[in-house]
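A.B. asks: Pasting in a structure now, in structure tokens, and then I'll have a few things to ask.
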Amino acid sequence: MRLSHGFVRGETLSCIYHGWSYGQAGNCLRIPAHPGLTPPETIRVATHDVEETDNVIWVAVGTPASKPPRLDGLAPLRSLTAFAGIAAIEAAAGAKTSPDGLVEIDASTGAVCLLLSAWEDGQTLIHVLLKGDTGPAAGIGASRAAESLRRRAEGLQRDIAQ
């Protein structure tokens, strides 16, 4: 069972299946089936650098190449995965990525920014951000615009692959 399905109790992360608890350094602290056992140091999980900036939690896999971008005035809405590269997403959006990794798209509800992050196997993580103080209607419109853009980008990516 992935630890992402686990739960946080105090300063530990516990597996929802077996209940094994891990500390911040990745070491196993407790195995409920063996309450008297002190888990050996060899039972560990990988850890990653984490930083919270502008209401977004950033996780670095490996050594971070840079600090997370500033997202002043932007509110995170949702994230989705596109089976397309950044170039296909830029083409679908009709805009290039800024040095901060943001692509601004014009949605009917107002300005929407996409924070793009290349992932494995040609996938791209798209983090949808809204400009300013918006209500539920703007969020729904932005979410629909991002879904539509993802479908266009995936179509473009398929065309490139053929």
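Computed from the coordinates by the stated procedures, all read-outs in this text should not be read as laboratory data. All figures in this text were calculated on a predicted structure; none of them were measured in a lab. Neighbour counts are summed over all protein chains in view; Cβ atoms, including those assigned to glycine, are modelled from backbone coordinates with ideal geometry.
A.B. asks: Before anything else, pin down the relative contact order of the chain: Cα pairs under 8 Å, at least 6 apart, normalised by residue count, whole percent.
C.D. replies: Values: 260 pairs, mean separation 25.4, N = 162.
Reported relative contact order: 16 percent.
A.B. asks: Pick out, from His5, Ala92, Pro35, the residue whose Cα sits farthest towards the positive end of the charge dipole of the chain, with +1 on the Cβ of Lys and Arg and -1 on the Cβ of Asp and Glu.
C.D. replies: Pro35
A.B. asks: Relative to the Cα centre, what is the charge dipole magnitude of the chain, using +1 at the beta carbon of each Lys and Arg, -1 at the beta carbon of each Asp and Glu, and rounding to the nearest 20 debye?
C.D. replies: For this selection, approximately 400 debye.
A.B. asks: If you average over every viewing direction, what projected area does the convex hull of the Cα atoms of the range 54-162 give, in nm²?
C.D. replies: 6.9 nm²
A.B. asks: While we're here: Once amide H atoms are built 1.01 Å from N in the peptide plane, which residues 5 or more positions from Ala84, or in another chain, come under 5 Å H to H?
C.D. replies: Counting only residues 5 or more places away or on other chains, the set is Thr124.
A.B. asks: Rank Val45, Ala65, Leu102 by how far each Cα sits towards the positive end of the charge dipole of the range 41-112 (+1 on Lys, Arg Cβ; -1 on Asp, Glu Cβ) and give me just the farthest.
C.D. replies: Positive-end residue among those listed: Val45.
A.B. asks: So if R0 is 41 Å, what FRET efficiency would Ala65 and Tyr17 give, r being the distance between their Cβ atoms, rounded to the nearest 0.05? The partial results should precede the final answer.
C.D. replies: Working: r = 34 Å, r/R0 = 0.84.
After rounding to 0.05, the efficiency reads 0.75.
A.B. asks: Ranking Leu149, Leu71, Leu37, Leu3 by Cβ neighbours within 10 Å, fewest first, what do you get? Walk me through the numbers on the way to the answer.
C.D. replies: Values: Leu149 24, Leu71 18, Leu37 10, Leu3 15.
Ascending number of Cβ neighbours within 10 Å: Leu37, Leu3, Leu71, Leu149.
A.B. asks: What does the charge dipole of the range 71-161 about its Cα centre add up to, to the nearest 20 debye, if the Cβ of each Lys and Arg holds +1 and the Cβ of each Asp and Glu holds -1?
C.D. replies: 260 debye
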